[in-house]
Each structure stands twice: as structure tokens, then as C-alpha cells.
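**Student:** What follows is a structure written as C-alpha cells; I'll ask about it next.
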4 protein chains.
Amino acid sequence: MNNETINTEKREAIVQAMLELITERGFHATPMSMVAEKAGVAAGTIYHHFKSKEEIINEIYARLKANMGEALVREDASEEDYKKRFYRFWLNLYYHFIDHPKEFLFLEQYANSPFITKVTKEENQRYYQPVIDFLAEGVWSGILRNMDVELLVAMVYGSVATCVKLHLSKELDMNQNRVQQGVQASWDSVKMD
Amino acid sequence: MNNETINTEKREAIVQAMLELITERGFHATPMSMVAEKAGVAAGTIYHHFKSKEEIINEIYARLKANMGEALVREDASEEDYKKRFYRFWLNLYYHFIDHPKEFLFLEQYANSPFITKVTKEENQRYYQPVIDFLAEGVWSGILRNMDVELLVAMVYGSVATCVKLHLSKELDMNQNRVQQGVQASWDSVKMD
Amino acid sequence: MNNETINTEKREAIVQAMLELITERGFHATPMSMVAEKAGVAAGTIYHHFKSKEEIINEIYARLKANMGEALVREDASEEDYKKRFYRFWLNLYYHFIDHPKEFLFLEQYANSPFITKVTKEENQRYYQPVIDFLAEGVWSGILRNMDVELLVAMVYGSVATCVKLHLSKELDMNQNRVQQGVQASWDSVKMD
Amino acid sequence: MNNETINTEKREAIVQAMLELITERGFHATPMSMVAEKAGVAAGTIYHHFKSKEEIINEIYARLKANMGEALVREDASEEDYKKRFYRFWLNLYYHFIDHPKEFLFLEQYANSPFITKVTKEENQRYYQPVIDFLAEGVWSGILRNMDVELLVAMVYGSVATCVKLHLSKELDMNQNRVQQGVQASWDSVKMD
DNA sequence: CATGAATGAGAATTCATTCAT
DNA sequence: TATGAATGAATTCTCATTCAT
């Protein structure tokens, strides 16, 4: 085990501990001492790896956005029919969040928080650029309704998020049938009549 | 001005101060001393009206849900055509939040927070019961797609929230045309083909 | 006992505790918890009366400068002979510091420290203005050697401080004879030949 | 370059870094990590050369006292007239501190601090013993007033320090004329009438 | 009910020192 | 010797809540 591995291990442990605690308890309700304990490091150690509590949040945000971006385009094949690709993206995102609920909850809570710096946000937009392009292309080619792409992106992301929340809150058991209703509703909301 | 009016006034001032501060700064970044100052009362006075900081949150939640419920059904006329009524509900909600952005932000932040007790939540469901019934009736009568009503409610509410967020974040100027696109997309996502 | 007396009492206790601890141990070696304990108040109480640790230092500085200014001109009689008045001022200052060694040590340590704000310093110059005027007058009337008044003030203050330090450090027992040597040397250093 | 030279170099770098930082920022406001960085060594390396932070202070103190002792007697010629030698010593010390302001500030701050051990102090008295003897001889031979030599030493050192402080604080521009006033005042304060 | 000084537990962060490499 | 990551005790300051007036 070389030095870098050791460093990475502690850093990893801190990030993971923070992610878990923060989604369960919230930023202000998660003292650093608790993060340290859960990560199995001394309190001071955290400050060798991060300048402040907020910096950890920013690192988590960046990682989760990258994860999300990767999941989104998984198994995409550009020769497929547009609607199929839309469904795949939608479901990729949905199941990514279902599989990583803490990541979803974190992004919901902190995506619009002042803790995430503008720089961090901008640096991480690139991850979902391919899908933004995909939607823009849908509009341009007349497959999707003529909407502003920002509105389009927001509506589609919103529909995924709504379904994920329903599942996670256990308000509704999101079986395959209901997921199908969700993606179909989302598609119908944006496709050209 | 009788005693009760005076009491009500202080209570009001506290609630309003807390609502404003909490939406701007967040729960943990809003000390009670700041609430007291903004409300123009002594710190101790707050504790004559509320048992704790969390209790104020619950009262705010209840009020905002009531406001929202009232706004939702405004100018509804049950003899109107179903789609028109859907549009009216959707736009009622949308403009209510546009007119009361702090109320929207508060509900987004705290609707799923542990501060809001189960009791508070349940007590306040009644406010939008009429609209839930309206959507259930749409499904039953074949106007809306055959979806679970919880999913339906969530999707529609989600689409309103998405548009409000776009407006408030100033990501997109939500002019009348874009609002129209929003409500139309929402309708298309749930109406029977 | 009215409210003001109570407030004054706690505030006083804090200032006195801080003065004693800080002269014995130094600023950074004096934790606020120790000040609180010595003052017989809770740690948080200190922050009702002072914004920060540094603010207390500034208040102490201001008080001690005022004390010093008062002591300096005690029993001065302007009709007296110039040399007698010089001796009186010198000895007033000397015995004031001998009687209040902590005040002396505090001023030695913090008079030139960055903790004391410019504002605090300027506000407190007025206390020894009368003596500055007295020395300037001495130069002007030909009783004192023709030196810049700043140099004059510094040399005289320095000679007092030197004698006080010798006494406090117990390097030398400053009996009346030695004090007399001190003031005489100081006078000889500035008087016109 | 042999090993010893390397070691000496690091040790030197540490001492110099600490001296500079400590006079600018103070003992407690100077973290060892900062010393390490400024010295261009690792934090741990410091502890191969010194047992503790305080030990460095003691080494610095010893060096500066030696420097001061050397400067003091520079160009002294015992056959010269007593007053001339006094002037020379006084000005040697004055210009030594003017040329090495950090050394002066360090000695002012730490000469009476608990960090400097008794042992360190005693070991370093020898450096200015020649001048103490010189002053004692002045008393004995009737050139100086009959004062205790400790008082004499303190008064003279005090007058040098006063002038140096005026210069360093920029309160007064200490041109040659004013320095002359300073040394003359000091001489007048101790010489037999 | 109203006040606001007082409380004290608990927060984020710092830093001298150690020790495995 | 040299390194620098790791330690964890200690620091200043905050803030929800209480309670005597």
C-alpha cells in the first residue's frame, strides 16, 4: 500500500462519512466531530484534506454530479430511435438515483444552497451537456415541442425527481408499472403532438 | 385595541420575521435573537407564544399550506370544462407562488424536513383535498390517463414547482408564453391521449 | 440593588479577571473559560458585555490610561516652582504604577500591540495632554533643554518605566533613596544646564 | 558541502524564519507550520534540531544577546576619555538596534517573558559585563553620580531603548540631531554635576 | 404577558508535536 | 536526518432557552 493509497483512503472515508451524515441529518446538524468519528480519523485530520466544512460539500457535489453524468449516458446508442433514447436517459437517471438515494437527497438539498460555489457549479455542468444537446436536437428536428431548452431540461429532470421522491418517501411503491407511467407522462409532456 | 389584538400582533410579527429570515438564511443560520429583533420583541417573549423554534416552523408550515389551499381553488367553477379547470388550478398555484416566493421557498425547504411533525402534515392535507378529488375524478371519468392519484398529484405539483423555481432562480424569464408552455406540458403529461 | 448595578458588577468582574490573568499569563495564554471562571460568570456572559476578547483589552487599555492620567496630575499646583511640579508628576506616575503593578505591566505589554485599535489609542491621548503641555511649556520658557517634545515625553516616561520595572522585577529594592536618584537623573537629563 | 554544513543551514533557516515571524506576529500567532514553510523545511524537521518551540526562542535570545554584546564594545579604546567611551557605547547600541530592528523588537518582547529560562538569561549576562564594569568604574572614579550600578545600567539602557522605539514606531524621525539630544540627555542623567 | 441578562453545552477550527516511512 | 500526514486537546465564540424582575 503506497502513500497515495493511504491518503486516498482517509480522504475517501471523510467524504463518505460526510455524505451519509449530511443526507440523514443536514449540514448544520452534522458536527465535524461526528464526521471524524464515523470516518475513523481524528478531527484535525479532516483539515489536512479540506480547508473547511463547506469545501467538503463542494467536493461531494462535484463527485455526485460526475456520477450522475456517467449514469445518464450509460448504454446510449445514437443510432436508436429518439424516443427510445429519451426513455433510456430518463430511466438511467431514475434508477441511478434509486440505487444511490443519498446522492439524490444530497443533490436535492444542496444543489441550490449557498454552500455550493458558483465555480463548483460551473465546473460540473459539462457532465450533463450531452443530454442537453440531445434535447436541443429534439426540438430542432421537430420531435419535441418547441420549448426553451432550459424549460425542457427542468421539466424532464423535475419529473424524474418527482418519481424518485415518491419512491424514497415511501408514499407510493414505485413498481415497474408506475415507473412506466412516470416516464411516459414525462415523454408526453414534451413530445410534439 | 384590546389585549388579544396586541397578543396577536406580536405573534404575527414573530411568525413573519421567522418566515422571512428562514427563507433567506435557512433554519440553523437564523438565531432566535435575530428573529426577536426583526419582530421587535424581546427574545424571551417568543417563548410565551411558542414552545420552541421548531414549533414556529410548524405554525408557518400550517399557515402556508392553508394559504396555498385557498389560492388553489380561487375562482373555480365546477360547471366549467375539465381542462379549463385544470389550467385554472395549475395557474392559481403557479401565480400564488410567484406572488409569495418566500412561501414557496419555505415549503420546498421544509416540506420534507424532520422539523415538520407528522401531525402537522396530516392536519394540513385537507387544504388541497378538493384538488385531489378533482384529479381522481379526472381519472375515473376517463379524461385523465389511468395513473395512481398520488403519482398524478406529485407530477402536476412538480411541474408547477419546476416553473416557479426557474422563475425565482432567474435562470429563465418566465413570460406568459413560457408559463403557457409549462401548463400545457403538464396537461399533456396527464391527459388521456 | 438595581439592574444597572448588577450589569456593572458582572462587567467589572470580567474586566478585573481579564486584567489580572492577562498580566500574569499574557493574552494568548489566557483562555476565555479561565476569565469566565475567575469572574464567576458563564462563558457566554462575557459575550453579552463584549463583542470579542480583543474588545475587552481595548476597554482595559482605556480605563488604565484614564487612571494614569488622573494619578499624574494629582495635587498639582500650577503656582509651584517648575522643578517641583516636574518631580511631583514624575513621582505621581511612579507611585501610581507601584501601587497598581498590573496596570503598569498591562500597559507595557499592550500599549504597542495590534490589539489596541488606533481609535482606542487616539481617544485616550487626552488624559496626559496636561503633562505634555507642561513639558512643552518648560522648553518654551527655557527651563528645559530645547528638545522635541515627543522625545522629551518619551525620555521622561521611559525613566519612570525603568524604575518601576526594577522594582517589580525585584532586581533592585527601590527604596526612597533610589527613587530619588531616579527622578533626579530624569530631571538632569532634560533640564537646561 | 559536508553534512554538518547542511545541518547548520537548516538550523539557521529555522532560527531566521522564527525570528522574523515572531517579531512580526508574536509568539502565539506564529504556528510552527509557518516557520517550517518559511524556513523551507518540513514541520517534523524542526524537532530534530529543537526540542520545542520555546527552545528556539531561547536560542534566538542567546544569539541576539551575543550580537548585542559584540556591537556594544566595537571600536572601544580604553585610553579614550570616559565621556567619549560612554557616547560610543551608547551609540553603538543605538545603531546596532537601528540596523537590526527585529533583534530589538524580539528582545523587548521576550527579555521578560517566561519563555526565556533563568539559565538562558544567566548564561548570557557575560556579553555585556564589560560595559557594566565600565559604568561601575565611572561611579567609583567619581565621573558618574553615586548610583547603584543596576539602576545606572537600567537607566542608560532605557534611554537607548526609548530612542530606538521612537524611530521604529515612526513617531519621530530620529535624525542625527535628535540622536545627539538622546545620548546627551542620557549622559547628563548619570554624570556627576 | 414582556423583558433581556445570563446560561453553558456545543460548534468549527487550530496547532505543537509525534512517528512511520 | 528529513518528511509531512496524523493526532486530539484546546480555543473562541454562538445560540436556544430560562427566569428573576
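The values are calculated or read from the model by the stated rules, or taken from the named source; none is laboratory data. All values reported here derive from a predicted model rather than from experimental measurement. Note that we place each Cβ from the backbone using ideal geometry, even for glycine, and neighbour counts take in every protein chain shown. With ligands, DNA and RNA removed, areas are computed over all heavy atoms of the protein, side chains included. Shrake-Rupley method; radii C 1.70, N 1.55, O 1.52, S 1.80 Å.
**Student:** Please determine whether any residue of the stretch D:38-46 is of a type outside the set (Lys, Arg) and more than 16 Å from DNA strand F (Cβ to nearest atom).
**Tutor:** no
**Student:** Let me ask another. From the list A:His48, A:His28, which residue is within 14 Å of chain B (Cβ to nearest Cβ) and of a type outside the set (D, E, K, R)?
**Tutor:** A:His28 is the lone residue from the list that is within 14 Å of chain B (Cβ to nearest Cβ) and of a type outside the set (D, E, K, R).
**Student:** I would also like to ask the following. Do we have C:Lys118 as more than 12 Å from chain D (Cβ to nearest Cβ), surrounded by fewer than 19 Cβ atoms within 10 Å (Cβ to Cβ) and closer than 20 Å to C:Arg25 by Cα here?
**Tutor:** Spelling it out, it is not the case that C:Lys118 is more than 12 Å from chain D (Cβ to nearest Cβ), surrounded by fewer than 19 Cβ atoms within 10 Å (Cβ to Cβ) and closer than 20 Å to C:Arg25 by Cα.
**Student:** Take A:Thr23 and tell me if it is assigned to a helix (DSSP H, G or I), farther than 17 Å from A:Phe106 by Cα and away from DNA strand E (no atom under 12 Å from the Cβ).
**Tutor:** no
**Student:** Which of (1) buried (at least 21 other Cβ atoms within 10 Å of the Cβ); (2) within 18 Å of A:Lys191 (Cα to Cα) does B:Leu152 not meet, given it meets every other one?
**Tutor:** Here B:Leu152 clears every test but (2).
**Student:** For residues that are modelled with pLDDT of 95 or more and aromatic (Phe, Trp, Tyr), scanning just the stretch B:1-55, find the one that is nearest to B:Lys65 (Cα to Cα).
**Tutor:** Looking at residues that are modelled with pLDDT of 95 or more and aromatic (Phe, Trp, Tyr), I get B:Phe50.
**Student:** Quick one: which of B:Lys102, B:Lys84 is surrounded by fewer than 13 Cβ atoms within 10 Å (Cβ to Cβ), assigned to a helix (DSSP H, G or I), away from DNA strand F (no atom under 15 Å from the Cβ) and more than 14 Å from chain A (Cβ to nearest Cβ)?
**Tutor:** Going through B:Lys102, B:Lys84 in turn, just one is surrounded by fewer than 13 Cβ atoms within 10 Å (Cβ to Cβ), assigned to a helix (DSSP H, G or I), away from DNA strand F (no atom under 15 Å from the Cβ) and more than 14 Å from chain A (Cβ to nearest Cβ): B:Lys84.
**Student:** Is the stretch A:17-28 home to any residue that is within 16 Å of DNA strand F (Cβ to nearest atom) and surrounded by fewer than 16 Cβ atoms within 10 Å (Cβ to Cβ)?
**Tutor:** Yes.
**Student:** Ok, one more. Hey, among C:Asn124, C:Asn146, which residue is assigned by TED's automatic domain parsing to the domain that holds C:Lys165, of a type in the set (S, T, N, Q) and over 29 Å from D:Leu107 (Cα atoms)?
**Tutor:** C:Asn146
**Student:** Given (1) more than 10 Å from every other protein chain (Cβ to nearest Cβ); (2) over 20 Å from C:Ala161 (Cα atoms); (3) in contact (Cβ under 8 Å) with a residue 40 or more places away in the chain, where does D:Ile132 come up short, assuming only one miss?
**Tutor:** Only one criterion is unmet by D:Ile132, namely (3).
**Student:** A further question follows. Look through B:Ala13, B:Ala66 and report the one residue that is open to solvent by less than 70 Å² (accessible area, probe 1.4 Å), touching a helix residue (DSSP H, G or I) at 6+ places or on another chain (Cβ under 7 Å) and not assigned by TED's automatic domain parsing to the domain that holds B:Leu144.
**Tutor:** On inspection, the qualifying residue turns out to be B:Ala13.
**Student:** With A:Asp193, A:Asp173 as the choices, which residue is at the interface with another protein chain (Cβ under 10 Å from one of its Cβ atoms), out of contact with any helix residue (DSSP H, G or I) (no Cβ under 6 Å at 6 or more places or on another chain), in contact (Cβ under 8 Å) with a residue 12 or more places away in the chain and open to solvent by 60 Å² or more (accessible area, probe 1.4 Å)?
**Tutor:** After applying the criteria, what remains is A:Asp193.
**Student:** Among (1) on the phi > 0 side of the Ramachandran plot; (2) open to solvent by 20 Å² or more (accessible area, probe 1.4 Å); (3) not basic (Lys, Arg), which single condition is C:Ser33 missing?
**Tutor:** Of everything listed in (1) on the phi > 0 side of the Ramachandran plot; (2) open to solvent by 20 Å² or more (accessible area, probe 1.4 Å); (3) not basic (Lys, Arg), C:Ser33 misses just condition (1).
**Student:** Looking at the structure I just gave you, is D:Ile14 in contact (Cβ under 8 Å) with a residue 40 or more places away in the chain, within 16 Å of DNA strand F (Cβ to nearest atom) and over 24 Å from C:Ser113 (Cα atoms)?
**Tutor:** yes
**Student:** Consider the stretch B:51-73. How many of its residues are near DNA strand F (Cβ under 8 Å from one of its atoms) and not in a helix (DSSP H, G or I)?
**Tutor:** The qualifying residues number 2.
**Student:** Restricting to helices (runs of 4 or more DSSP H) lying wholly in the stretch C:115-193: which have 3 or more residues that are among the hydrophobic types (A, V, I, L, M, F, W, C)?
**Tutor:** The qualifying helices (runs of 4 or more DSSP H) are C:129-140, C:149-168, C:176-190.
**Student:** Is there any pair linking a residue in the stretch D:49-64 that is closer than 13 Å to D:Ala13 by Cα to one that is of a type outside the set (A, V, I, L, M, F, W, C), with Cβ under 6 Å and at least six apart or on different chains, and which?
**Tutor:** D:His49/D:Arg11
**Student:** May I ask you to list the residues in the stretch D:156-170 that are of a type outside the set (S, T, N, Q) and more than 30 Å from D:Val139 (Cα to Cα)?
**Tutor:** Within the stretch D:156-170, D:His167, D:Leu168, D:Lys170 meet the criteria.
**Student:** Could you please give the count of residues in the stretch A:126-144 that are aliphatic (A, V, I, L, M) and open to solvent by 40 Å² or more (accessible area, probe 1.4 Å)?
**Tutor:** Residues that pass the stated criteria total 3.
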